[in-house]
Amino acid sequence: METSTDLKRTPLYDEHVAAGARMVPFGGWSMPVHYGSQIEEHHAVRRDVGLFDVSHMGQVFVEGPQAVELVNRIVTRDITSLPDGAACYGALCREDGTLIDDLFISRFTFDRILIVVNASTYDGDVAAMKEIEARARLNAKLIPCAEKWAMIAVQGPNWKQVCLKVFGNGDWEQVEPLRIFSMTYGGHELLFSTTGYTGEAGVELICDPSVSPKLWRELIAAGGRPCGLAARDTLRLESGMNLSGQDFTATNNPFEVRMSWIVDLGKEFQGRDALAKLKETVTHRQVGLLTEGRRIPRHLARVLYNGQPVGEITSGGFSPTLDRPIAMALVATAQTKIGTELEVELGPGATTKATVVKLPFYKRAQ
């Protein structure tokens, strides 16, 4: 069991405590779960702009003349044609095709690439990447550097207005979604990344830890509302985004959890041969569920079809945007057709009706 003395603290820890945030353990870190109202923070992101401390995320640079080749050996996605300044979503698998983590890859140039991974899997991700690096023997080097960066996500339809007050006019205003841009803030490099995870427009500001408290305060003064893990979870669930370690674990492969589109079997990467076989033998797939009533389907609750177990809930919660419970589940492929009527166990002797729906539950207007 984690204790307060075991937990790491982000460079913004004191800012959260001073603001009255409720701090909780998360992936080995002490993180804010909310600042008073999860619902208000959720709506702030959907309607205006919210700020998230995501400094617990891990960064790994890949540098050298063969950086593209090395990253291609590591991730499932083929980044050969990824342009300079662009980013994409990918995954890291074991030799047997099961998932280690999902991640984002951002290419500055052919010889400088950034990989951002999840906080709780950082050490395992780095160890797996280093093994691949050693086998590949390419002219490129992995540089794990999570401790050298803080990360603030500015999310919501008014994110540009907030950033404009902090940074003024500049080239960053032209940055489109799934891009990476380097600028300067407080005498240090600041990486302006637009990968997103809330379903809204926004930016992740990856900066030197020493300047992150000042940047956080300036973003608040410019109109950003601090938000915690609770709002982050309902936002990503509404947007149908997987939570590493929950919606997929070490037992799952990409084809089960809607990641087929980031698996490029035409190139060499760890797990490719296994995935080529697994693609034809998938027994369960991820679906979205709308349940009746107001009770929330809980993680690992059984999903039933004609009274028989056919899967389980991986994420469930109350959607503030839709004003109803929603869930994602892994269900037997025969019961994944849109409109299929299922049931979800809510407790001893209690079930609720559920309908399979297309993901995501929420998609912002373009």
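What follows is calculated from the coordinates using simple rules that are stated; it is not laboratory data. Only a predicted model underlies this, so the values are computations on that prediction, with no experimental measurement involved. When we count neighbours, we look across all protein chains shown, and the Cβ atoms used for this are built from the backbone with ideal geometry, even at glycine.
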Quiz item: How much net charge surrounds Gly266 when only the other residues with a Cβ under 11 Å from the Cβ of Gly266 are counted, with Lys and Arg +1 and Asp and Glu -1?
Solution: -1
Quiz item: Based on the alpha-carbon gyration tensor of the range 304-350 and its eigenvalue square roots a ≥ b ≥ c, which shape applies: rounded if a/c is under 1.5, prolate if not and a/b is larger than b/c, or oblate?
Solution: oblate
Quiz item: Which length gain, in nm to one decimal place, applies between Val357 and Leu290 when the Cα-Cα distance is subtracted from 0.36 nm times their residue separation?
Solution: 23.4 nm
Quiz item: Rounded to the nearest 20 Debye, what is the dipole magnitude of the range 58-144 about its Cα centre when Lys and Arg each give +1 and Asp and Glu each give -1 at the C-beta?
Solution: 180
Quiz item: What is the fewest-to-most order of Cys163, Cys207, Cys88, Cys227 by other Cβ atoms lying within 10 Å of their Cβ?
Solution: Cys88, Cys163, Cys207, Cys227
Self-check item: Magnitude of the charge dipole, the chain, Cβ model with Lys/Arg +1 and Asp/Glu -1, debye to 20
Solution: 640
Self-check item: Listed residue (Ile143, Ile100, Gly64) projecting farthest to the positive dipole end of the range 58-144, Cβ model
Solution: Gly64
Practice problem: Under a 10 Å cutoff between Cα atoms, tell me which one of Arg258, Arg137, Arg324 has the largest fluctuation in the Gaussian network model of the chain. | Solution: Arg137
Quiz item: If you compute Cα extents along the principal axes in Å for the structure shown, which of (i) 103, 47, 33; (ii) 86, 68, 40; (iii) 63, 49, 44 do you land on?
Solution: (iii)
Quiz prompt | Pair Asp264, Arg9: separation of 7 Å Cα→Cβ label points (nm) | solution = 4.3
Quiz prompt | Expected 222 nm ellipticity per residue - DSSP helices of 4 or more, -39500 (n - 2.57), all of the chain, to 500 | solution = -6000 deg cm²/dmol
Quiz item: Highest GNM mean-square fluctuation, the chain, Cα pairs closer than 10 Å: which of Ala276, Ala18, Ala140?
Solution: Ala18
Quiz item: Taking the Cα centre of the range 88-238 as origin and charging only Cβ (+1 Lys, Arg; -1 Asp, Glu), how large is the dipole, in debye to the nearest 20?
Solution: 340
Practice problem: May I ask you to evaluate 6.51 cos²θ - 1.76 cosθ + 1.60, the Karplus curve with θ = phi - 60°, for each residue of the range 300-311 and list the ³J(HN,Hα) values in order in whole Hz, giving x for glycine and proline? | Solution: 6, 4, 6, 9, 10, 9, 6, x, 10, x, 10, x
Quiz prompt | Full-extension gain in nm, Val166 to Ile220, via 0.36 nm per residue minus C-alpha separation | solution = 18.5 nm
Practice problem: Just report the Cα centroid separation between the range 261-290 and the range 171-201, whole Å. | Solution: 31
Exercise. Compute the length gained on full extension between Ala19 and His299: take 0.36 nm times their separation in residues and subtract their Cα-Cα distance, giving the result in nm to one decimal.
Key: 97.7 nm
Practice problem: Could you please rank Asp264, Asp14, placing first whichever residue has the fewest other Cβ atoms within 10 Å of its Cβ? | Solution: Asp14, Asp264
Quiz prompt | Ranked Val331, Val17, Val287, criterion: other C-beta atoms within 10 Å, fewest first | solution = Val17, Val331, Val287
Quiz item: In a GNM of the chain with a 10 Å cut-off on Cα contacts, which of Met129, Met183, Met151 has the highest mean-square fluctuation?
Solution: Met183
Exercise. Compute the distance in nm between two label points, each set 7 Å from the Cα along the Cα-to-Cβ direction, one at Lys141 and one at Arg364.
Key: 3.8
